[in-house]
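**Q** Have a look at the structure that comes next, please.
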Amino acid sequence: MDLTRRDMLKLTAGAGAAVALGRLPAFAQAPEILKRPIPSSGELLPVVGLGTARTFNVGDSEYERAPLREVLEAFVEMGGTLLDTAYGYGNSEAVSGDLAKQLGVVDRLFIATKVAAQGREQGIEQMETSMRRLNRSVIDLMQVHNLRGWQTQLATLREWRAAGRIRYIGITTSRNRQHDDFARVMESEELDFVQLNYSLGSRQAEERLLPLAADRGMAVLVNVPYMGGRLFQAVQGAELPEWAAEFDARSWGQFFLKFIISHPAVTCPIPATAKVHHLRDNMGAAYGRLPDEAMRRRMVEFFEAL
């Protein structure tokens, strides 16, 4: 994936990608990054977050952690706050917590993590461990990972939210085949957040989950926004269309992210990366204009014609 995306950034250099790879894109000198409200509270979140699946699952060496420290530092510098991780992501929670502490940004982040357990006590043990790893006494968002043990875990999450140990609760999925079950939970439970898979190349969530989130007043985090790099492979050899400048997209990564962000039900995609130039490019999607509905249809037609 890294090589493919690097190639894509080179291909779009003539369209301004060099600017996007700087500290801030030229059009981003506005006072603030674009933000969306959390429906249950009105709290504003920047429209691009940072995922940690696989990328932050590294060891203790400086060689492994230094690039991730640079990624996290740039993320905060460019206005990002929402960092998404999980108990089940290997060392990702611990690495995130260690780096945030080193950088002095623990309290500047909106920390989202996940619990995946069938039993109540196992879930509690996981969440206590997550708090220690992340150096937080309060977790901003705790999510039931891929619906595992969701009935048991949501009961605990509500108790912890009432006690002030969790600010928001939610559920996650990254699998189209789980969408029907996911929708049933959304219909039956009061949730602050849902996290789901959605992208220009995988739009199934538009059919039921995104409208349901809007109707139910649930914030939406979007995972696998690049489909594990397959979107970059799909556009390999294609030039970024000139009309992408109409919504300030200066690279394929920004093109893909702005499609997601422009859906009115979406709060924040959470692309994961271990490369600081990818992080800066991702964050460029959080500034400038967004596609309107007509432009979104044009983006779909363009992509499907490749």
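**Q** Could you check region 16-107 for helices (runs of 4 or more DSSP H) lying wholly inside it with 2 or more residues that are at pLDDT 95 or above and surrounded by 17 or more Cβ atoms within 10 Å (Cβ to Cβ)?
**A** 62-77, 92-103
**Q** For region 219-301, which fully contained helices (runs of 4 or more DSSP H) count at least 1 residues that are acidic (Asp, Glu) and in contact (Cβ under 8 Å) with a residue 12 or more places away in the chain? Spell out the reasoning first.
**A** Numbers: elements: 230-234, 252-261, 276-284.
Passing ranges, in order: 276-284.
Conditions (1) among the aliphatic types (A, V, I, L, M); (2) buried (at least 23 other Cβ atoms within 10 Å of the Cβ); (3) closer than 29 Å to Pro39 by Cβ, marked per residue:
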residue	(1), (2), (3)
Glu242	no, no, no
Phe247	no, no, yes
Phe255	no, yes, yes
Pro264	no, no, yes
His277	no, no, no
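**Q** Then there is this: I'm trying to understand the selection: among the residues of region 125-172, which are on the phi > 0 side of the Ramachandran plot and assigned to a helix (DSSP H, G or I)?
**A** Listed by number, the residues that qualify are Asn146, Leu147.
**Q** Only one residue in Ala205, Ala163, Ala155 is crowded, with 20+ Cβ neighbours inside 10 Å and of a type outside the set (Val, Ile, Thr), so which one is that?
**A** Ala205
**Q** For region 195-218, what are the residues that are out of contact with any Lys or Arg (no Cβ under 9 Å at 6 or more places or on another chain) and under 28 Å from Ser137 (Cα atoms)?
**A** Leu196, Gly217, Met218
**Q** Okay, moving on. Determine the pairs where a residue that is within 21 Å of Arg148 (Cβ to Cβ), located within region 94-118, has a partner that is part of a helix (DSSP H, G or I) and hydrophobic (A, V, I, L, M, F, W, C) with Cβ atoms under 6 Å apart, the partner being 6 or more residues away or on another chain.
**A** Filtered contacts from region 94-118: Ile111/Leu134; Val115/Met127.
The values are calculated or read from the model by the stated rules, or taken from the named source; none is laboratory data. Computed from a predicted structure; not experimentally measured. Ideal geometry is used to build each Cβ from the backbone, glycine not excepted, and the neighbour counts take in all protein chains shown.
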